[in-house]
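The values are calculated or read from the model by the stated rules, or taken from the named source; none is laboratory data. Because the structure is predicted, anything quoted here is derived from the model rather than measured. Here the Cβ positions follow ideal geometry from the backbone for every residue, glycine too, while neighbour counts run over all protein chains shown. Areas reflect the complete protein model, heavy atoms only, side chains present, ligands, DNA and RNA absent. Shrake-Rupley method; radii C 1.70, N 1.55, O 1.52, S 1.80 Å.
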Amino acid sequence: MKSWREECGVFGIWNHPDASRLSYLGLYAIQHRGQESAGIVSLRGEQHHVHKGLGLVGDVFSEEALTQLPGHAAIGHVRYSTTGLNFLNNAQPLTAQLLNGPVAIAHNGNIVNAEALRQDLKGQGAIFQGTNDTEVLLHMIARNPSGDLLECLAASLKKVEGAYSLAVLSHRALFAARDPYGFRPLVLGEMSNPSGGTSYVIASETCAFDLIGARLKREIEPGEIFWVDEHGEHSIFLDKKPVSTAKCVFEHVYFARPDSVVFGRSVYEARQAAGRILAREKPADVDLIVPVPDSGVPAAIGYAAESRIPFELGIIRNHYIGRTFIQPHQSIRDFGVKIKLNPQAAILKGKRVVVVDDSLVRGTTSRKIISLVRQAGATEVHLRVAAPPTMGPCYYGVDTPEKSELIAATHSLDQIREFVGADSLGYLSLTGLQEAVKSEGRGYCSACFDGKYPTPLYER
Ligand code: AMP
């Protein structure tokens, strides 16, 4: 099954005179969730104002652009798509003029039955501008005869399967909705506005609230549509309950920022706990514990603490790598990885080391890192992965390659060890990961690790 996958982040704010500027900051905080396009739609009076572009938040928005986004409410989006279909028409929030006013929608997640719904809508004469599944939802909302946005939204969401955490802005209200499985995170916060009133904020991750000084109130619940308008806050639930929620465990493994609280659990603490459990499950007799920065750092801290082996930043990351860089004229061995990660001989020479990474997908990064660590003089290199083997693609909004490209889906443990060039290789068990995120095997989706997809999958 070929699918396009998008990693995204959403933000929304209601009742603040600096709505677009705070959205800009909110998007800055969740930039890690998508780097290919960014957009903000603001609301003044009954009119929407839109600015979107390809690239990073800091490049898409200027002082001038933000002054063109007036009003007391706004929603924003950052997007990363893996299809190569990164044209501006796919940049979000998507906007439309409907029967009863303007609507803007920002979506994180993947609707698994989008293609079937799209064909249906095309059959009815719908004209699509882009290729993303969010546009399908927008058409469904537009076609609902009731004209009342809440009713349209609820009726449309009942027909879609898969993952959605949504921010929706009309001319009257800010909506936040999360699919009944709760695949992707979505949180609600509040802050005071300059006139002493309450501003409501929604975001994919709590780190966006920290930056703008908002307080976390709660998660938007799986299956909930929350909205705030001139009468205050309201909430309803879709009458579509799965047997269990399916919160994405990979948010904790890699995707979310470590300073966020996701699904009620600190990401940093979950990763550190994963490292501790990994040390108990897969110990190694070594001199140093070295993380692959940045994503392997919290797990390596946990591994080092549990094993009482010194932790060292044996690999240094250059944080200033742009999208592309000019290649050297003469070939430099391992240039691609070296420009980003540089193992230090001063720390590694003559040492037996455990290298800790958050996950192993294709194995190509680990292979290069291990070779560089050896070149820097390490005498033994043991790889520890703070997640189980990645066995299947994600259809719910994380960019994981097809099965054929996943090394663990096609190779034995020893073949993987040999491919990456490690002296030993150890993964965290699934029960270990469940313990780290405090799920006891319940309420989370681990389909990329165990192949148990919580929804039916459709051809795309
Ligand atoms: P590789 O095994 O070479 O495919 O790369 C694994 C590395 O990619 C890990 O160190 C992760 O930090 C990172 N990674 C894992 N999943 C993703 C993802 N969905 N998007 C981007 N990077 C990822």
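Hey, what's the Kirkwood Rh for the chain if you take every pair of different alpha carbons, in angstrom?
Every distinct Cα pair counted, the radius reaches 22.9 Å.
The helix-only estimate of mean residue ellipticity at 222 nm for the chain, built from DSSP H runs of length n ≥ 4 each weighted as -39500 (n - 2.57), is -7500 deg cm²/dmol after division by the residue total. Rounded to the nearest 20, the Cβ-based charge dipole of the chain about its Cα centre (Lys and Arg +1, Asp and Glu -1) stands at 880 debye.
Across the chain, the mean sequence separation of Cα contacts (distance under 8 Å, 6 or more residues apart), normalised by length, yields a relative contact order of 14 percent. Neighbours of Val243, meaning other residues whose beta-carbon lies under 13 angstrom from its beta-carbon, give a summed charge of +4 when Lys and Arg score +1 and Asp and Glu score -1. Compute the Cα gyration tensor for region 8-242, then decide on rounded, prolate or oblate, letting a ≥ b ≥ c be the square roots of its eigenvalues: rounded whenever a/c is under 1.5, prolate when a/b is larger than b/c in the other cases, and oblate in all that remain. Note, shape of region 8-242 comes out rounded. Within the set of other residues whose C-beta is less than 15 Å from the C-beta of Asn144, count the net charge using Lys and Arg as +1 and Asp and Glu as -1. Summing Lys and Arg as +1 and Asp and Glu as -1 gives 0. With 26 Å as the limit on Cα-Cα distance, the pairs of Lys282/Lys349; Lys351/Lys438; Lys351/Lys403; Lys368/Lys403 that go past it are Lys351/Lys438; Lys351/Lys403.
Counting only alpha carbon atoms, the long axis of helix 364-375 and the longest principal axis of the chain meet at about 40°.
Within a straight-line Cα-Cα reach of under 18 Å, Lys122 can be paired with the following lysines, leaving aside sequence neighbours fewer than 8 residues apart in one chain: Lys159. Between the beta carbons of Asp287 and Lys241, assuming R0 = 60 Å, the FRET efficiency works out to 0.70 to the nearest 0.05.
How much accessible area per residue does the chain have, counting only protein heavy atoms and a probe of 1.4 Å, in square angstrom?
Values: 18920 Å² over 460 residues.
Each residue of the chain exposes 41 Å² on average to a 1.4 Å probe.
In region 299-349, the alpha-carbon atoms span a convex hull of 106 Å³ per residue.
Among 27-40, 208-221, sorting by the average number of other beta carbon atoms lying within 10 angstrom of each residue, highest first, gives 27-40, 208-221.
Available extension along the chain between Gln47 and His234 is 65.0 nm, counting 0.36 nm per residue and deducting the alpha carbon span. A Förster radius of 56 Å combined with the Cβ-Cβ distance from Thr67 to Leu457 puts the calculated FRET efficiency at roughly 0.80. Along Cα→Cβ, 7 Å out, is where each label goes; now give me the distance between the ones at Thr379 and Gln129 in nm to one decimal. Result for the modelled spin labels: 6.4 nm.
Accessible surface of His51, taken over heavy atoms with a 1.4 Å probe and every protein chain present, rounds to 50 Å². Accessible surface ranking for Phe61, Phe419, 1.4 angstrom probe, highest first: Phe419, Phe61.
Around the amide H of Phe183, modelled in the peptide plane, lie the amide H atoms of Tyr164, Ala246, all under 5 Å away and 5 or more residues distant in sequence or on another chain.
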